[in-house]
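Undergrad: Quick one: structure below, then a few questions.
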Amino acid sequence: MEYSEVKTMLGKMPKAELGFFPTPFYKLGHLSKELGVNLYIKRDDFTGMNLFGGNKVRKLQYLIGDALSQGCEYVFTFGATQSNHAMQTVSVCRRCGLKPVLYLVAIVEPDQEDMRSNLLLDQIMGAEIHIVNMLPGEEEADAEKRSVCMAREHMKRLEAEGHKCYEVPMGGASPIGSVGFIEGFGEMMEQAIQVIGKEPDYIFHATGTGGTMAGLLAGRALLDSQVPVISINVSWKDPGYPGRCGDLANESLKLLGMAPLIDGIRDSRIDPNYYQPGYEIPNEEASKAICLLAKKEGLLIDPVYTGKAFAGMLDYIRTGKVKQGSNVVFLHTGGATALFAEKEILGNLF
Ligand SMILES: *Cc1c(COP(=O)(O)O)cnc(C)c1O
């Protein structure tokens with residue numbers, strides 16, 4: 001199918017215009033020379049709407065569009081205390097006159113006297129913030145479930161008083177949210193064909209909740225593209241993850257009136273080898289990747305997501321898994337506010 005046809009289908013979905021698109025796409029000249037490939041970057045850290053954009057804005061355009069079409073007043077969402085998704089959600093809510101409520105799990109406990117990074121921005125924008133501390137020995141996933149239960153109780157109380165609430169899942173990973181990356185994939189391919197003259201040989205990106213990957217895979221299938229999308233994990237995932245992402249992609253396609261096209265196990269290329277020791281815990285390879293990109297190209301990536309994904313991509317290139325001379329695209333999903341987060345999250349950069 002052509003992207004123009006996909007655009008027509010996307011045009012039938014409720015959407016709030018929140019960011020600045022298309023985001024830039026260009027070649028990283030110095031790094032390309034050093035690595036022996038043609039390395040391009042897709043700047044989804046430039047989505048807006050505030051200075052600190054990222055991949056969540058594409059999803060939020062459709063999610064907030066849905067919330068507005070339902071006449072909601074409050075938007076609830078979830079994440080870690082330094083969640084990029086939560087901060088971007090607060091920003092778009094303010095833009096649209098919606099009231100943002102956050103339930104944030106303190107994987108790294110914030111210092112109330114020295115608020116940093118996204119949590120500071122959430123406060124400046126006046127979000128209602130509920131911090132959910134981890135219980136002794138509790139897994140992150142269990143704390144996340146607990147935060148959702150608390151939020152749903154809260155929503156029930158508000159609804160009983162006549163206030164309509166909208167729930168955005170963690171990372172905006174829902175069928176409606178992932179539609180944003182069907183659009184994102186189409187936009188990126190259109191630019192790649194303009195700049196490179198053909199489809200790239202590889203796309204690399206960081207995967208967390210999987211909503212971005214689901215949308216990319218659905219977009220790729222819709223546009224009959226063969227580009228391998230390599231998704232570098234930023235956290236531990238259970239064996240059901242690829243299948244669930246595939247289901248999510250198919251539900252997004254269904255919203256556009258399309259039949260399922262994705263088999264998550266067959267179509268995803270998820271690499272779990274670069275996130276250790278864990279989510280929001282830095283590693284040396286990611287730190288080196290951050291410094292390399294900063295020094296060679298003046299570009300900032302982050303220790304939690306894009307640094308780990310970029311380190312993974314560098315490893316593929318340096319070990320020859322990606323052949324010399326290939327056209328490689330790195331999807332920059334944002335997150336550089338983490339450079340101003342707690343030291344435990346930042347790690348040792350120099
Ligand atoms: C959320 C996020 C991701 C991962 O996106 P998912 O859709 O949750 O998989 C990648 N990079 C950054 C900077 C993010 O904030």
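Undergrad: How far is the Cα center of the range 182-244 from the Cα center of the range 52-79, in Å?
TA: Result: 21 Å between the Cα centres.
Undergrad: Can you work out the FRET efficiency for the pair Leu158 and Arg244, with r the C-beta to C-beta distance and R0 = 30 Å, to the nearest 0.05? List each step's numbers first, then the result.
TA: On the way: r = 29 Å, r/R0 = 0.98.
It comes out at approximately 0.55.
Undergrad: Rounded to a whole number, what % of the accessible area of the range 1-77 do carbon and sulfur atoms account for, probe 1.4 Å? Display every interim value, and only then the final one.
TA: On the way: 1790 of 3210 Å².
About 56 percent, which is the carbon plus sulfur part of the accessible surface.
Undergrad: Percent antiparallel among DSSP beta bridges with both residues in the chain, to the nearest 5? Don't skip to the answer; put the middle values down first.
TA: Values: 5 of 38 bridges.
Beta bridges within the chain, antiparallel portion: roughly 15 percent.
Undergrad: Per the 1.4 Å probe, what fraction of the accessible area of the range 232-350, in percent, lies on carbon and sulfur atoms? Could you put the intermediate results ahead of the total?
TA: Details: 3100 of 5400 Å².
Carbon with sulfur: 57 percent of the solvent-accessible area.
Undergrad: Wrap a convex hull around the Cα atoms of the range 1-147, take a quarter of its surface area, and give that in square nanometres.
TA: Numbers: hull surface 50.6 nm².
Answer in nm², one decimal: 12.6.
Undergrad: Fully extended, how many nm does the chain gain between Glu109 and Ile124 (0.36 nm per residue separation, minus their Cα-Cα distance)? Walk me through the numbers before you get to the answer.
TA: Details: separation 15, 0.36 × 15 = 5.40 nm, distance 1.88 nm.
Answer, rounded to one decimal: 3.5 nm.
Undergrad: Provide the per residue accessible area, probe 1.4 Å, for the chain, rounded to a whole number of square angstrom. Can you show the working numbers first?
TA: Working: 14640 Å² over 350 residues.
Accessible area per residue: 42 Å².
Undergrad: Now for a different question. Take Ser4, Ser147 and sort them by solvent-accessible surface of the protein heavy atoms, 1.4 Å probe, largest at the top. Present the calculation step by step, with values, prior to reporting the outcome.
TA: On the way: Ser4 75, Ser147 0 Å².
Final ranking, largest accessible area leading: Ser4, Ser147.
Undergrad: Enumerate the calculated ³J(HN,Hα) couplings along the range 80-89 in order (Karplus 6.51 cos²θ - 1.76 cosθ + 1.60, θ = phi - 60°), each rounded to whole Hz, writing x wherever the residue is Gly or Pro.
TA: 7, 4, 9, 4, 5, 4, 4, 5, 5, 5
Undergrad: So, one more: Wrap a convex hull around the Cα atoms of the range 130-272, take a quarter of its surface area, and give that in square nanometres.
TA: Details: hull surface 43.4 nm².
Reported value for the Cα convex hull: 10.8 nm².
Undergrad: Can you sort Met213, Met115 by solvent-accessible area, 1.4 Å probe, largest first? Please list the in-between numbers first.
TA: On the way: Met213 0, Met115 30 Å².
Order by accessible area, largest first: Met115, Met213.
Undergrad: Moving on to the next point. Not counting ligands, DNA or RNA, and with a 1.4 Å probe, what is Glu153's accessible surface area in Å² rounded to the nearest 10?
TA: That residue has around 100 Å² of solvent-accessible surface.
Undergrad: Provide Arg146, Arg58, Arg94 ordered by accessible surface of protein heavy atoms (probe 1.4 Å), highest first. Show your work: numbers first, answer last.
TA: On the way: Arg146 70, Arg58 5, Arg94 105 Å².
Putting Arg146, Arg58, Arg94 in descending order of accessible area: Arg94, Arg146, Arg58.
Undergrad: Once a ≥ b ≥ c are taken as the square roots of the eigenvalues of the Cα gyration tensor of the range 61-166, is the result rounded (a/c under 1.5), prolate (a/b larger than b/c) or oblate (a/b not larger than b/c)?
TA: Details: a/c = 2.08, a/b = 1.37, b/c = 1.52.
It comes out oblate by the Cα gyration axes.
Undergrad: Express in Å², to the nearest 10, the accessible area of His154 obtained by rolling a 1.4 Å probe over the protein heavy atoms while all chains stay in place.
TA: The value for His154 is about 20 Å².
Undergrad: I would also like to ask the following. Using amide H atoms built in the peptide plane, which far-off residues or other-chain residues are under 5 Å from Gly54 H to H?
TA: Placed amide hydrogens put Thr47, Gly48 under 5 Å from Gly54.
Undergrad: Just read off the accessible area of Leu51 with the full protein assembly in place, 1.4 Å probe, to the nearest 10 Å².
TA: 150
Undergrad: If I compute solvent accessible area with a 1.4 Å probe over the protein chains, what percent of it on the range 100-142 is carbon and sulfur? All intermediate terms of the calculation are to be shown ahead of the outcome.
TA: Values: 1030 of 2240 Å².
Carbon and sulfur atoms account for 46 percent of the accessible area of the range 100-142.
Undergrad: Work out, in µm²/s and without decimals, the Stokes-Einstein translational diffusion coefficient of the chain at 37 °C, 0.692 mPa s, Rh from Kirkwood over C-alpha pairs. Show your work: numbers first, answer last.
TA: Numbers: Rh = 20.3 Å.
Answer, rounded: 162 µm²/s.
The values are calculated or read from the model by the stated rules, or taken from the named source; none is laboratory data. From a predicted model like this one, the values you see are computed outputs, not experimental measurements. Cβ coordinates were reconstructed from backbone atoms using ideal geometry, including for glycine residues, and neighbour counts include every protein chain displayed. To get the accessible areas, we keep the full protein, side chains included, count just its heavy atoms, and leave off ligands, DNA and RNA. Shrake-Rupley method; radii C 1.70, N 1.55, O 1.52, S 1.80 Å.
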